[in-house]
Amino acid sequence: MFGPFRLTSPLSGGLLWKIPWRMSRPQKARQRARLRHVDKVVSIVDQALAKKGTTTAAVERWKAEMPVEQEMLPRDKYTIFDRKEKKYRKGIHKLPKWTRVSQRLNPPGY
Amino acid sequence: MSYFRITLLRSAIGLPQKTRGVLKALGLRKRMATVYLPVSQDAAGQIMKVKELVDVAEVEQPVTKELAKAARRPDPGFYVEQKASTPVLS
């Protein structure tokens, strides 16, 4: 009846996933806020190191490769590439742990 | 000498063991825990590993646990004029 392995409709066979196919507007707003927060953390670390006249590979690589939130296209903010999907895109909220991982780049052309 | 003030905002439950290991190495065991580390490349690399989970600020001096707690303590709303044990000098 209770517990992690209880019989629920998604578990008792058949494909029934209750994740909506698109994100809501507040979900998107929070996603943007999280992206900006990561940008802020990286810039603070970068400035602190620059004051000491040093830098580090992880920060340099991030700055070279990753776009900041304002530079990203909406399709990259809210969707990710998936080769199994129609039109090769699915909502980023389908990515496991999506609020705690950085997923900004997608294959070029998709 | 400046320091990184690192606060754990998001827990690492369900994240890879490597990420959890970085948090352990930083000394962040539960949410809203704060540590101060001198600004260095080592600390920067560790922060970059967990940048989605933490809040970072650069501060001049680390704040000790006691001072942080004293700052949170609300104003008691009274003050002691004189302690009963001290005799009044006439």
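Laboratory data are not the source of any read-out in this text; all were calculated from the coordinates shown. In this text, all values refer to a predicted model and were calculated from it rather than measured experimentally. A quick note on method: Cβ atoms are made from the backbone with ideal geometry, for glycine too, and the neighbour counts reach across all protein chains shown.
Give segment B:18-41 a look and list any residue that's over 23 Å from A:V101 (Cβ atoms) and more than 17 Å from the chain's Cα centre (by Cα), or say none. Passing the criteria: B:S40, B:Q41.
Each row is one residue, and each column tells you yes or no for (1) within 14 Å of another protein chain (Cβ to nearest Cβ); (2) surrounded by fewer than 18 Cβ atoms within 10 Å (Cβ to Cβ).
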| residue | (1), (2) |
| --- | --- |
| B:T34 | no, yes |
| B:V39 | yes, no |
| B:D42 | yes, yes |
| B:Q46 | yes, no |
| B:E52 | yes, no |
| B:Q61 | no, yes |
| B:K69 | no, yes |
| B:P74 | no, yes |
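When B:L23, B:L15 are checked against the criterion of being in a helix (DSSP H, G or I) and of a type in the set (A, V, I, L, M), a single residue qualifies: B:L23. For the criterion of being more than 9 Å from chain A (Cβ to nearest Cβ), touching a strand residue (DSSP E or B) at 6+ places or on another chain (Cβ under 9 Å) and buried (at least 16 other Cβ atoms within 10 Å of the Cβ), B:R5 passes. Determine, yes or no, whether A:L35 is under 11 Å from the mean Cα position of the chain (by Cα), touching a residue at least 12 places away in the same chain (Cβ under 8 Å) and either on the phi > 0 side of the Ramachandran plot or surrounded by 15 or more Cβ atoms within 10 Å (Cβ to Cβ) (or both). Here the answer is yes, as A:L35 does meet what is asked.
Considering each of B:V59, B:V80 in turn, give the residue that is β-branched (V, I, T) and closer than 19 Å to A:V45 by Cβ. Step by step, each of B:V59, B:V80 is checked, and only B:V59 is β-branched (V, I, T) and closer than 19 Å to A:V45 by Cβ. All told, A:K86 falls short of being touching a residue at least 24 places away in the same chain (Cβ under 8 Å), more than 8 Å from every other protein chain (Cβ to nearest Cβ) and more than 29 Å from B:V39 (Cα to Cα).
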